[in-house]
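I have placed the structure first, in the form of structure tokens, so that the comments after it can refer back to it.
The values are calculated or read from the model by the stated rules, or taken from the named source; none is laboratory data. Everything quoted here is computed from the prediction, not taken from an experiment. Note that we place each Cβ from the backbone using ideal geometry, even for glycine, and neighbour counts take in every protein chain shown.
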């Protein structure tokens with residue numbers, strides 16, 4: 001089997017367009033994950049035990065089960081009860097929820113790393129719970145969380161191929177389609193691999209740089 | 001690297017100290033820690049090295065056991081351990097050669113460094129079995145003798161986590177002795193111990209010195225102890241031997257000013 | 001049909017799937033452990049010829065997505081004349097991928113062993129091999145166990161992907177059942193529960209037990 005460059009250039013436009021979709025999918029999913037993850041983390045810190053236990057188990061459940069299965073679940077369960085979700089919507093819900101569970105753990109770790117004295121200081125000036133969290137605790141929880149958050153951004157990006165199984169038109173899906181259409185899988189799949197490598201390899205350095213920037217911005221270097 | 005041809009391939013029989021540092025230089029990057037050191041230790045001699053931190057005193061021991069040197073040659077029992085003989089000339093030794101040569105040297109550390117996943121007796125047996133190729137039975141016999149010697153025989157099946165600092169250090173001494181070294185290095189072996197257990201370790205060392213003809217080099221802050229058992233004391237300052245002599249001479253009548261300053265500072269800290 | 005009825009009718013297929021998942025999991029885990037040791041030690045080597053391939057391997061397999069690697073092995077490798085049967089391809093991809101992550105854990109575990117241990121082993125003139133095998137690795141093992149626990153769960157979740165190359169594991173069976181009954185919640189839900197039980201009630205307790213055993217062996221219990 002020989003590598004065919006002419007075929008490669010021929011399919012490149014479609015593959016690049018699909019890469020755009022991959023980035024959008026990863027970005028949207030991550031945006032959902034960041035917000036929902038914070039909600040899950042804070043929910044585990046309420047004084048109501050039933051709530052914290054339920055949220056805890058929910059988070060554990062999502063972290064312990066395969067993402068691809070969760071994607072199928074969200075996509076197919078809707079129609080069973082009359083709600084028809086498009087592949088994109090179902091995919092975003094599933095991947096966003098999955099990664100929100102991971103991020104909630106990262107936030108938890110970050111929040112727990114803030115010294116107890118900070119909470120006491122907030123109480124001593126009668127700061128509201130909301131202000132305590134958003135003005136004092138979370139800013140300090142952020143720098144130690146950045147590394148974990150960055151890793152999961154790369155992770156969610158690498159997991160977008162799973163969306164192909166429900167027909168989301170991202171990179172893997174495009175490669176499958178092209179491969180099936182032309183009966184040539186070598187170039188499409190290899191290009192997918194290379195694209196992922198090109199994006200994830202520099203990311204470790206970028207994440208570290210970002211963490212430094214965050215620390216500096218918050219005056220915490 | 002200095003001209004290696006000026007160094008003998010082997011020390012002659014009539015001039016063979018157990019340990020010889022000849023023109024030894026040690027650098028860490030741009031920092032010269034030991035500069036052109038010349039030091040002999042005779043067989044069976046007990047030499048204590050004292051000095052302020054940064055004087056290079058620990059480095060002297062580490063060069064015998066753990067580190068590489070940038071100048072000079074170190075001889076143990078007449079043969080070089082930092083260099084090897086290739087076709088009648090001295091060249092820097094290979095890793096393997098150094099490691100084998102260092103079998104004659106044993107070392108005890110400030111933080112004991114016992115293997116936590118092995119019991120006391122297993123720690124002692126490890127070297128003889130794995131390195132010297134002794135049978136487990138013979139190694140066990142030897143280890144039990146040595147644990148008896150340091151007073152730890154009844155704790156031989158305990159893990160280090162169950163032992164106090166003083167007990168761990170005594171096991172560490174037994175472990176080093178199990179290799180039957182010609183030279184024993186004691187690197188601040190009491191510095192990490194609570195005051196009340198220092199005595200158990202110094203007793204063991206005293207016993208070693210009086211009852212066995214072991215060549216020992218010791219770095220310590222315990223001046224009283226050093227005075228009591230050493231044959232010779234070397235005061236290091238700035239990477240060189242500032243002054244050396246018998247304990248009575250050095251402690252009782254220090255000639256150099258730096259020595260006097262150091263000794264008085266240590267005395268006031270006691 | 002009620003859920004118990006559903007289970008009675010389709011339970012057998014899930015059991016078949018569980019067997020396949022279990023075998024894939026165990027084979028992949030074994031492969032991942034071996035690769036982690038080789039690559040982790042390789043990356044720590046002072047010899048460039050050992051270190052660079054290890055670094056390249058780790059960056060490559062961590063930088064690309066598991067799904068892409070799986071498909072590449074399954075669809076592209078045969079084009080070069082190397083064909084594995086799909087069961088082998090499944091755990092091969094899993095083991096190679098997770099071995100790269102495991103290598104970093106091995107490296108971290110070894111680097112966390114106190115330097116004094118290296119010095120003590122060296123002072124007994126132990127050869128590098130003996131030093132590593134008898135002194136450093138046993139201690140490194142205990143350091144590594146908590147993050148390895150997470151990695152093993154990732155491995156378990158990863159096995160679900162082999163369904164996409166038609167290996168009849170739990171997820172494959174779930175898709176089949178969904179396809180024929182359209183009872184998506186039951187079909188995929190049951191699968192999710194199976195993975196959850198596997199992870200929370202089998203793998204996690206096992207890893208905790210392993211940690212206890214190792215702690216005792218290290219005299220730290």
**Request:** Check region B:62-85 and report whether any residue there is part of a helix (DSSP H, G or I), in contact with a helix residue (DSSP H, G or I) (Cβ under 8 Å, 6 or more places away or on another chain), within 14 Å of chain C (Cβ to nearest Cβ) and closer than 30 Å to residue B:15 by Cβ.
**Result:** yes
**Prompt:** When you look at residue A:149, is it under 18 Å from the mean Cα position of the chain (by Cα) and at the interface with another protein chain (Cβ under 9 Å from one of its Cβ atoms), yes or no?
**Reply:** no
**Prompt:** Where in region A:1-116 are the helices (runs of 4 or more DSSP H), entirely inside, with at least 2 residues that are under 30 Å from residue C:81 (Cα atoms)?
**Reply:** A:5-43
**Fill in**
The correct count of residues that are at the interface with another protein chain (Cβ under 9 Å from one of its Cβ atoms) and either modelled with pLDDT of 90 or more or closer than 24 Å to residue C:59 by Cα (or both) in region A:177-187 is 2
**Request:** Please state which of the following conditions residue B:74 fails to meet, knowing it meets all the rest: (1) under 20 Å from residue B:181 (Cα atoms); (2) surrounded by 15 or more Cβ atoms within 10 Å (Cβ to Cβ); (3) modelled with pLDDT under 90.
**Result:** (3)
**Complete:** All conditions in (1) touching a residue at least 24 places away in the same chain (Cβ under 8 Å); (2) more than 12 Å from every other protein chain (Cβ to nearest Cβ); (3) surrounded by 14 or more Cβ atoms within 10 Å (Cβ to Cβ) are true of residue C:51 except (1)
**Asked** Is it the case that region B:137-154 has a residue that's under 30 Å from residue B:22 (Cα atoms) and either in contact (Cβ under 8 Å) with a residue 40 or more places away in the chain or touching a helix residue (DSSP H, G or I) at 6+ places or on another chain (Cβ under 9 Å) (or both)?
**Response** no
**Request:** Return yes or no: is residue B:25 over 30 Å from residue B:267 (Cα atoms) and either surrounded by 15 or more Cβ atoms within 10 Å (Cβ to Cβ) or in contact (Cβ under 8 Å) with a residue 12 or more places away in the chain (or both)?
**Result:** yes
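Taking the conditions exactly as written (part of a helix (DSSP H, G or I), more than 14 Å from chain A (Cβ to nearest Cβ), at pLDDT 95 or above and touching a helix residue (DSSP H, G or I) at 6+ places or on another chain (Cβ under 6 Å)), does residue C:110 satisfy them or not?
No, not satisfied.
Among the residues of region A:167-189, are any touching a helix residue (DSSP H, G or I) at 6+ places or on another chain (Cβ under 9 Å), within 19 Å of residue A:31 (Cβ to Cβ) and crowded, with 17+ Cβ neighbours inside 10 Å?
Yes, the conditions are met somewhere in region A:167-189.
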**Complete:** Restricting region C:61-79 to residues that are within 7 Å of another protein chain (Cβ to nearest Cβ) and assigned to a helix (DSSP H, G or I), the one surrounded by the most Cβ atoms within 10 Å (Cβ to Cβ) turns out to be C:71
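Here are some residues: C:143, C:97. Which one is more than 13 Å from chain A (Cβ to nearest Cβ), touching a residue at least 24 places away in the same chain (Cβ under 8 Å) and closer than 25 Å to residue C:50 by Cα? So that I can check it myself, show each step before the final result.
On the way: C:97 fails: more than 13 Å from chain A (Cβ to nearest Cβ).
Going through C:143, C:97 in turn, the sole match is C:143.
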**Request:** Restricting attention to region A:124-135, report how many residues are more than 20 Å from residue A:35 (Cβ to Cβ) and in contact with a helix residue (DSSP H, G or I) (Cβ under 8 Å, 6 or more places away or on another chain).
**Result:** 1
**Fill in**
Picked from region B:97-117 (must be facing chain C (nearest Cβ under 8 Å) and more than 14 Å from the chain's Cα centre (by Cα)), the residue surrounded by the most Cβ atoms within 10 Å (Cβ to Cβ) is B:114
**Request:** Would you check which residues across region C:80-94 are assigned to a helix (DSSP H, G or I) and within 11 Å of chain A (Cβ to nearest Cβ) and list them?
**Result:** C:80
**Prompt:** Yes or no: residue A:59 within 11 Å of chain C (Cβ to nearest Cβ), crowded, with 20+ Cβ neighbours inside 10 Å and in contact with a helix residue (DSSP H, G or I) (Cβ under 8 Å, 6 or more places away or on another chain)?
**Reply:** no
**Message:** If I ask for residues that are part of a helix (DSSP H, G or I), in contact with a helix residue (DSSP H, G or I) (Cβ under 9 Å, 6 or more places away or on another chain) and surrounded by fewer than 18 Cβ atoms within 10 Å (Cβ to Cβ), which ones from region C:208-221 would you list?
**Reply:** C:208, C:210, C:211, C:215, C:217
